[in-house]
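I have placed the structure first, in the form of structure tokens, so that the comments after it can refer back to it.
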Amino acid sequence: MIYDWYESQRAILSPLADFAQAASKFYTNPLWPLSQAPSMQRVSASYELMHRLLKSYEKPAFDVSSVRIDGRDVAVQERVALDKPFCRLIRFKRFSDDPDLLRRLKTHPTVLVVAPLSGHHATLLRDTVRTLLRDHKVYITDWVDARMVPTESGTFSLDDYVRYVREFIRHIGPDVHVISVCQPTVPVLAAISLMASAGEPAPRTMVMMGGPIDARRSPTAVNNLATTKSLEWFESNVIYRVPVNYPGAGRRVYPGFLQHTGFIAMNPDRHMQSHYDFFLQLVRGDDDDADAHRRFYDEYNAVLDMDADYYLDTIRTVFQEFALVRGSWRVEGDPVRPQDIRDTALLTIEGELDDISGAGQTQAAHDLCTAIAGSDRAHYMVPGAGHYGIFSGRRWRELVYPRVAGFIAAHRDGAASASAPAPRRRRSA
């Protein structure tokens, strides 16, 4: 019922949002004689803020059309490598007319970025992808909004997530380096564990960033909610059916707007201050700062629905039963045994100020992957970084990325090569 109410509210507010947008442009239109009056800038700013608070936010584009390599602009094209009902595997293909540069591009290691399926779209990792493309061939998981998946495609569970990751790794090949950001650290570790147990070729490295491998450590507000409420409470209070105006009508989902409300509720004062600062930037004509605000909230406010089975599985397995760290997790009947991983090097990364995945939660992967040699594992605590800072922004580009790229370069030939001198790497700019 709440989903139908939300959609009705969106329909009612949509004309008002359009009006506010038109009014904002009108009051600063240079063809209007009073547009240069000091008060008009304030009026226009008020209407634009109203527009942004009332509008609906759709999934943004990755918008990675080129990357700078060796001082040259290299064209980038998105391609769908695999198309599954609940996820598309996207490859960012790089092109160059320079034969020498093209040869260097072909020698770069291949990276699979497993984006989180926790409310936001994979485009949240745009900065991650753009930076990686300087030195790597990049794939990313682009999860589909569950409300857009017809019920004929079936449900999607945590086991299905693990199966998807295994299929993507097989498709790319064993030379791949897997980077998981936040939520997928758990299913990615499960997928690689199952591959190791089955004797399948394993990825060269796994880089795990800010994820709840062991959610018992340094619990955050996210962890506390999951442990203080029963699974039945979640099923009764946050699971709804998609309304009739979407392809997935009737599907049971955890709606994205509820997740977005939870995001805002974690730091309401920070968001209120950010919107007030945006208003002042518009009044002062600080276009660069105002554009930065728009870009951030265009992404932050665009959310997706998650299939109910997947969401409830994650709550139970990761945050209530701690099945991975207790050794009791079985995926489609097969036990998840991280201790079987031998040939995949492990790098874990945490943010010093992360309020979503607490300190030690990601580092716990080292306690599980006991067969990986000490020379093939590393941990990095990013000073001054919050959750988003470990994969986006200045700290990601200046502090985290050099360590990730160096770790991948040192293990291009597999985990065993880490103890030997690393092959000389031909770097791009």
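Dipole orientation for region 310-391: of the candidates 379, 335, 360, 335 has the Cα lying most toward the positive pole (charges on Cβ; Lys, Arg +1; Asp, Glu -1).
Quantify how much of the Cα-Cα distance distribution of region 186-248 extends past 18 Å, in percent. It would help to have the intermediate numbers written out before the result.
Values: 1222 of 1953 pairs.
Every Cα pair in region 186-248 considered, those over 18 Å come to 63 percent.
Size descriptors for region 1-86, from the alpha-carbon set: Rg then Dmax equal 20.4, 55 Å. Remark: relative contact order (the chain) = 19 percent; criterion is Cα-Cα distance under 8 angstrom and separation of 6 or more residues. A viscosity of 1.306 mPa s and a temperature of 10 °C, combined with the Kirkwood radius over C-alpha pairs in the Stokes-Einstein formula, give region 280-349 a diffusion coefficient of 95 µm²/s.
What is region 4-156 by shape, rounded, prolate or oblate, if you read a ≥ b ≥ c off the alpha carbon gyration tensor as root eigenvalues and call it rounded for a/c under 1.5, prolate for a/b larger than b/c, and oblate otherwise? Oblate shape, in that a/c is at least 1.5 and b/c is the bigger or equal ratio. Only Cα sites of the chain enter the Debye sum here, all with the same form factor; the resulting log10 I(q)/I(0) across q = 0.08, 0.12 1/Å is -0.48, -1.05, listed in q order. At the listed q of 0.10, 0.11 Å⁻¹, the Debye profile of region 159-313, built from one uniform point per Cα, gives log10 I(q)/I(0) equal to -0.56, -0.66.
The alpha carbon centroids of region 268-325 and region 28-43 are separated by 33 Å. Of all DSSP-defined beta bridges confined to the chain, some 50% are antiparallel rather than parallel. Multiplying each eigenvalue of the alpha-carbon gyration tensor of region 110-213 by 5 and taking the square root yields semi-axes of 21, 18, 13 Å, largest first, rounded to whole angstroms. Name the residue, out of 247, 212, 338, whose mean-square fluctuation peaks in a Gaussian network model built on the chain with Cα pairs under 10 Å. Result for the chain, Cα springs under 10 Å: 247 fluctuates most. Calculated mean residue ellipticity, 222 nm, the chain: -12000 deg cm²/dmol, from DSSP H runs (n ≥ 4) at -39500 (n - 2.57) each, averaged per residue and rounded to 500. Summing Cβ point charges (Lys, Arg +1; Asp, Glu -1) relative to the Cα centre of region 185-280 gives a dipole of roughly 140 debye. With θ taken as phi - 60° and the Karplus curve 6.51 cos²θ - 1.76 cosθ + 1.60 applied, the whole-hertz 3J(HN,Hα) list for region 358-365 is x, 4, x, 5, 7, 4, 4, 4 Hz, x standing for glycine and proline.
In plain terms, the bigger the Kirkwood radius, the slower the diffusion; for region 236-337, with that radius from Cα pairs, at 10 °C and 1.306 mPa s, Stokes-Einstein puts D at 94 µm²/s.
The order of the peptides 106-113, 394-401 by mean Cβ neighbours within 10 Å, most packed first, is 106-113, 394-401. Mind checking which of 369, 117, 8 is farthest towards the positive end of the chain's charge dipole, using Cβ charges of +1 (Lys, Arg) and -1 (Asp, Glu) about the Cα centre? In the chain, that residue is 369. Across region 135-152, rounded Karplus estimates of 3J(HN,Hα) from the backbone phi angles (6.51 cos²θ - 1.76 cosθ + 1.60, θ = phi - 60°) give 10, 9, 8, 10, 10, 8, 7, 10, 5, 8, 4, 4, 6, 9, 9, x, 5, 5 Hz, Gly and Pro being marked x. Near the amide H of residue 345, within less than 5 Å, lie the amide hydrogens of 205, 206, 415, all on another chain or at least 5 residues away, with H placed in the peptide plane.
None of the figures in this text is laboratory data; all of them are computed from the coordinates on show. Because the structure is a prediction, the values reported are computed rather than measured. Virtual Cβ from ideal backbone geometry, glycine too; neighbours counted across all protein chains shown.
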